[in-house]
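Following: one structure in structure tokens, then a few remarks.
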Amino acid sequence: MSGKILKGPEQLEVPSLSLGQYFFKRAQELGDRECQVDADTGRSESFSSVKLRSTRVAVGLQKRGVTSKDVVLTCTNITVDAPVPIVASYFLGAKIANLDPSLSVKQTSHLIGLVSPKVIFVEEASVPLIEESLRSANHKTEIVVFGKSEQYSTFSDLVTPQAEEASFRPSEVDIHAVAIMFFSSGTTGLPKAICHSHYSFMQASFSFHRSGVNIDTLLFFTSFYWMTASLFLSWLFIGGSRRIVCRTMEAQRTFELIEKYKVTYLFVAPNLSYKLTKFTKKRDYDTSSLYSLMVGGTAMSSEQILKLSTVLPHTQIIFIYGLSEIGLASFNRPEDGQQVRQNKLGSCGTLTFGCSLKILDPETKKVLGPNQKGYIYIKSRALMKGYYKKDSSDLFDEDGFMETGDIGYYDDDEYLYVIEREKEMFKYLSWHIVPSVVEGVLLEHPGVKEAVVFGLPRSDEEGEVPTACVVLKDGCNVSEQEIQDLVAGKLSDREKLRGGIFFVKELPMTPTGKVMRKEVRSNVINALINK
């Protein structure tokens, strides 16, 4: 079967403006329209207010010497204040990057060292993390605290009225200059800083926005460490939508917020979706407003997608495929919902606007055709510029396609299926084992809260045997044999957990909610060696 390059719909027309110019212009147009609501306090803020506070912060940063050549860093959980330094950086053309408070000192110091920020905005509780990380990275920078501080400047100081605010306008910058950086997940090695220009991120934002239908009111639980949160921030300004701010994702609270605020669009990571399907409702919640539930980030079983459809009967389940290097690559369009449920389960949908994709044979590197598994390569105007201060020329082939590190295929209707990341798969008796498939079965058990599957080295003949680390729900007593029987009853013989099941209290996670598989595997191997 001959191979071909898949192409998404024609590229969208996107304004030729910097992010700062576009956000400033749209905030003026949207004026007093509601932009964000703090679900914990009931505090509401308009686009005009976000623009004013961002302008004041931008003026304050200018007085500190911040220009388009500098990097501004944030480290905070989800709040209504978190977007303000980001928008302010857009206004100045400064490069913005975001950390997550759940990172370790080792991780944080590495990321600080990568981007060398001039200013760091940090939530009050995470000041010790940043202080220690700066010492470890041997880097000096100004700290601005969200909250109270006797030692450092505060965010409150910066948002006080400024004499220059009335005449302030966004800086003129090259739209192909770096605007925003995201850190790679770090599940297979040290993270790198992924660079997007004003141009590429505008392309990604508009393409992502067009993937949604009825996006009047958004609810998501990711910090700005994750690219999705920044894309959703763009949604607010592109479509005049509002954002419901909630710091943690719990099932009952999510149902309550959907009902109270008539949420129309919800995003959750696949591992968090199990909270919704395992939750025993104490009463019926009105979720009829929820038009779409977007799920993406890692693979998810067809069975879980069906369960979500049962829990949210009025809602289209949109499974997406995206990367920090490109934003959204493919998605299940809401209008295709019924078809996806019936015969496209497990698919990430079709390509988004202006995106091209090819599947290459792992051995020959030849372009494959439908239903042939291989390496996924992607090309788009939304593609990143490269890694910050690092040669990235080897990331792209001669035609400008980037290797994603993912393995998958497309069917005869050009629906994409992503199987696994190349480095997360392992071989047992020459068979490729896909960890996410086994993990999906483990998470079906009512007593299992979290699970990760990996290969444990054995003899040369066996290769690596499937092994699992499992976190149980509080108060649940589940035996190893019970889980072994579950896997044996649902999967092939080669996918049985021959390496055993290790019960742990918690799993190390990246801020994006992905299990640090490499670290879990190393911990188990070291424990067995020292036993």
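The values are calculated or read from the model by the stated rules, or taken from the named source; none is laboratory data. Computed from a predicted model, the values in this text were never measured in an experiment. Cβ: placed from backbone, ideal geometry, glycine included. Neighbour counts: every protein chain shown.
Of note:
- Number of the exception - Tyr375 against (1) surrounded by fewer than 22 Cβ atoms within 10 Å (Cβ to Cβ); (2) under 26 Å from Glu403 (Cβ atoms); (3) at pLDDT below 90: (3)
- Segments classed as helices (runs of 4 or more DSSP H), wholly inside the stretch 178-282, with at least 3 members that are closer than 27 Å to Val452 by Cβ and of a type in the set (S, T, N, Q): 270-278
- Residue match in the stretch 125-144 (condition: part of a helix (DSSP H, G or I) and within 25 Å of Leu19 (Cα to Cα)): no
- Lys260 being in the same structural domain as Arg243 (by TED's automatic domain parsing), of a type outside the set (Asp, Glu), modelled with pLDDT of 90 or more and out of contact with any strand residue (DSSP E or B) (no Cβ under 8 Å at 6 or more places or on another chain): yes
- Within the stretch 26-41, the set of residues being of a type outside the set (Asp, Glu) and either modelled with pLDDT under 95 or closer than 20 Å to Ser207 by Cβ (or both) comprises Arg26, Thr41.
- Test: residue in the stretch 342-355 that is at pLDDT below 90, out of contact with any Phe, Trp or Tyr (no Cβ under 9 Å at 6 or more places or on another chain) and more than 17 Å from Tyr409 (Cα to Cα): yes
- Any hit, the stretch 84-102, residues being within 22 Å of the chain's Cα centre (by Cα) and over 25 Å from Asp157 (Cβ atoms): yes
- When the strands (runs of 3 or more DSSP E) confined to the stretch 1-105 are screened for residues that are surrounded by 22 or more Cβ atoms within 10 Å (Cβ to Cβ), those reaching at least 2 such residues are found at 34-38, 71-75, 95-99.
- Residue match in the stretch 163-170 (condition: over 18 Å from the mean Cα position of the chain (by Cα), surrounded by fewer than 23 Cβ atoms within 10 Å (Cβ to Cβ) and either among the basic types (Lys, Arg) or not assigned by TED's automatic domain parsing to the domain that holds Ala82 (or both)): yes
- Enumeration of residues in the stretch 461-502 that are touching a helix residue (DSSP H, G or I) at 6+ places or on another chain (Cβ under 8 Å), modelled with pLDDT of 90 or more and more than 12 Å from Pro446 (Cα to Cα): Pro466, Thr467, Ala468, Cys469, Val470, Val487, Lys496, Leu497, Gly500, Ile501, Phe502
- Applying the criterion of being within 21 Å of the chain's Cα centre (by Cα) and assigned to a loop (DSSP other than H, G, I, E, B) to the residues of the stretch 292-324, the residue that is modelled with the highest pLDDT is Ser324.
- Index of the failed condition, Thr287 passing every other in (1) assigned to a loop (DSSP other than H, G, I, E, B); (2) hydroxyl-bearing (Ser, Thr, Tyr); (3) closer than 24 Å to Ile180 by Cα; (4) out of contact with any strand residue (DSSP E or B) (no Cβ under 7 Å at 6 or more places or on another chain): (3)
- Any hit, the stretch 390-400, residues being of a type in the set (A, V, I, L, M, F, W, C), buried (at least 20 other Cβ atoms within 10 Å of the Cβ), outside the structural domain of Glu480 (by TED's automatic domain parsing) and under 29 Å from Leu6 (Cα atoms): no
- Pair list, Cβ < 8 Å and 6+ apart or interchain, from the stretch 219-232 residues that are within 9 Å of Asp100 (Cα to Cα) to residues that are modelled with pLDDT of 90 or more and part of a helix (DSSP H, G or I): Ser223/Ala229; Phe224/Pro83; Phe224/Ile86; Phe224/Ser230; Phe224/Leu233
- Any hit, the stretch 401-414, residues being in contact with a Ser or Thr (Cβ under 6 Å, 6 or more places away or on another chain), farther than 30 Å from His110 by Cβ, assigned to a strand (DSSP E or B) and modelled with pLDDT of 90 or more: no
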